[in-house]
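K.L.:
Pasting in a structure now, in structure tokens, and then I'll have a few things to ask.
The values are calculated or read from the model by the stated rules, or taken from the named source; none is laboratory data. None of the values given here were measured: they were computed from a predicted structure. Positions of Cβ are backbone-derived with ideal geometry, glycine not excepted, and every protein chain shown enters the neighbour counts.
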Amino acid sequence: MSEQQNDITPMKEQLIYAKVLNIGAWLGIVLMSISYIMYVVGVFEPQVPVEMVAENWTNPQIVVTELGDHHEITGFDICGQNGVECEAEIFQLRGEHDELVVGSGVQGVSAYILITESPSGWEWANLLGTGDYLNFVGLALLALLTIVCYMILVPGFLRQKDYIYTTIAVVEIIVLVVAASGILGSGGH
């Protein structure tokens, strides 16, 4: 049996990737921890008062009272408040094309966002001065790390003429950037 020695030395970009990932992950965790402590202690006023979060944490429900031109909810009543009772069947009530109609019930995250006037998508970035959204900075940093790390690898793959891995890394960067951007209606949630 002959001994064969393979060169499994990582390329310098892989070492940089590991270092950036390690530093970035710890920085994100530290930022989230500090911002959470600042939130709990009350250094910054929260956008959504803690009491309102607690009231609507478990299965918030609303009944639609008004719709805009594009079937967006512009008016609603909160189930269980001010004498508003919501029967189970209102949550199945929909129009001809399965759109919401006045009298429809909405529950879960969609109701929570409306009740608390919480932002969706990247709108949270406008609220970084509030205690409850400041911690998104650390979370966004953690999410951004994957994209940055793939970008670090691309030059090394190109230098080694490894076009398959280059293509995979570039496609991954594009997919992650498009997903995070909200272009397809899904980013930043």
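K.L.:
Considering only residues that are of a type outside the set (Ser, Thr, Tyr), surrounded by fewer than 16 Cβ atoms within 10 Å (Cβ to Cβ) and touching a helix residue (DSSP H, G or I) at 6+ places or on another chain (Cβ under 8 Å), which ones fall in the stretch 155-169?
P.N.:
Across the stretch 155-169, the qualifying residues are PRO155, LEU158.
K.L.:
Does the stretch 143-162 contain at least one residue that is in contact with a His (Cβ under 6 Å, 6 or more places away or on another chain) and either closer than 30 Å to ALA18 by Cα or not hydroxyl-bearing (Ser, Thr, Tyr) (or both)?
P.N.:
The answer is no, given that none of the residues of the stretch 143-162 is in contact with a His (Cβ under 6 Å, 6 or more places away or on another chain) and either closer than 30 Å to ALA18 by Cα or not hydroxyl-bearing (Ser, Thr, Tyr) (or both).
K.L.:
Checking THR74 against (1) of a type in the set (S, T, N, Q); (2) farther than 30 Å from TYR150 by Cα; (3) in contact with a helix residue (DSSP H, G or I) (Cβ under 9 Å, 6 or more places away or on another chain), only one condition comes out false. Which one?
P.N.:
Just one mismatch for THR74, condition (3).
K.L.:
Any residue that is touching a residue at least 12 places away in the same chain (Cβ under 8 Å), touching a His at 6+ places or on another chain (Cβ under 8 Å) and on the phi > 0 side of the Ramachandran plot - is there at least one of those in the stretch 108-123?
P.N.:
yes
K.L.:
Can you pull out every residue in the stretch 160-180 that is in contact (Cβ under 8 Å) with a residue 12 or more places away in the chain and assigned to a helix (DSSP H, G or I)?
P.N.:
TYR165, THR166, ALA169, VAL170, GLU172, ILE173, LEU176, VAL177, ALA180
K.L.:
Still on this structure, I have one more. Taking the stated definitions as given, is ILE152 surrounded by 12 or more Cβ atoms within 10 Å (Cβ to Cβ), among the β-branched types (Val, Ile, Thr) and closer than 25 Å to MET32 by Cβ? I'd like the intermediate steps shown before the answer.
P.N.:
Details: surrounded by 12 or more Cβ atoms within 10 Å (Cβ to Cβ): yes; among the β-branched types (Val, Ile, Thr): yes; closer than 25 Å to MET32 by Cβ: yes.
Spelling it out, ILE152 is indeed surrounded by 12 or more Cβ atoms within 10 Å (Cβ to Cβ), among the β-branched types (Val, Ile, Thr) and closer than 25 Å to MET32 by Cβ.
K.L.:
Of all residues in the stretch 72-101, how many are surrounded by 14 or more Cβ atoms within 10 Å (Cβ to Cβ) and either assigned to a loop (DSSP other than H, G, I, E, B) or modelled with pLDDT of 85 or more (or both)?
P.N.:
Count: 9.
K.L.:
Related question: What tally of residues in the stretch 35-64 results from selecting those that are exposed (fewer than 14 other Cβ atoms within 10 Å of the Cβ) and among the β-branched types (Val, Ile, Thr)?
P.N.:
6
K.L.:
Going by the conditions given, is GLU66 part of a helix (DSSP H, G or I) and either aromatic (Phe, Trp, Tyr) or more than 25 Å from the chain's Cα centre (by Cα) (or both)?
P.N.:
Spelling it out, it is not the case that GLU66 is part of a helix (DSSP H, G or I) and either aromatic (Phe, Trp, Tyr) or more than 25 Å from the chain's Cα centre (by Cα) (or both).
K.L.:
Answer with yes or no whether THR146 is surrounded by 11 or more Cβ atoms within 10 Å (Cβ to Cβ), over 20 Å from the mean Cα position of the chain (by Cα) and of a type in the set (S, T, N, Q).
P.N.:
no
K.L.:
Then there is this: Among (1) part of a helix (DSSP H, G or I); (2) more than 23 Å from ILE183 (Cβ to Cβ); (3) under 21 Å from the mean Cα position of the chain (by Cα), there is one condition ASP132 misses while meeting the rest; what is its number?
P.N.:
All conditions pass for ASP132, except number (1).
K.L.:
Do we find a residue being in contact with a Pro (Cβ under 8 Å, 6 or more places away or on another chain) and either farther than 30 Å from ALA18 by Cα or not assigned by TED's automatic domain parsing to the domain that holds ILE29 (or both) anywhere in the stretch 56-78?
P.N.:
Residues of the stretch 56-78 that are in contact with a Pro (Cβ under 8 Å, 6 or more places away or on another chain), as a first pass: 78.
The next check asks that each one be either farther than 30 Å from ALA18 by Cα or not assigned by TED's automatic domain parsing to the domain that holds ILE29 (or both); those that pass are 78.
There is at least one residue in the stretch 56-78 that is in contact with a Pro (Cβ under 8 Å, 6 or more places away or on another chain) and either farther than 30 Å from ALA18 by Cα or not assigned by TED's automatic domain parsing to the domain that holds ILE29 (or both).
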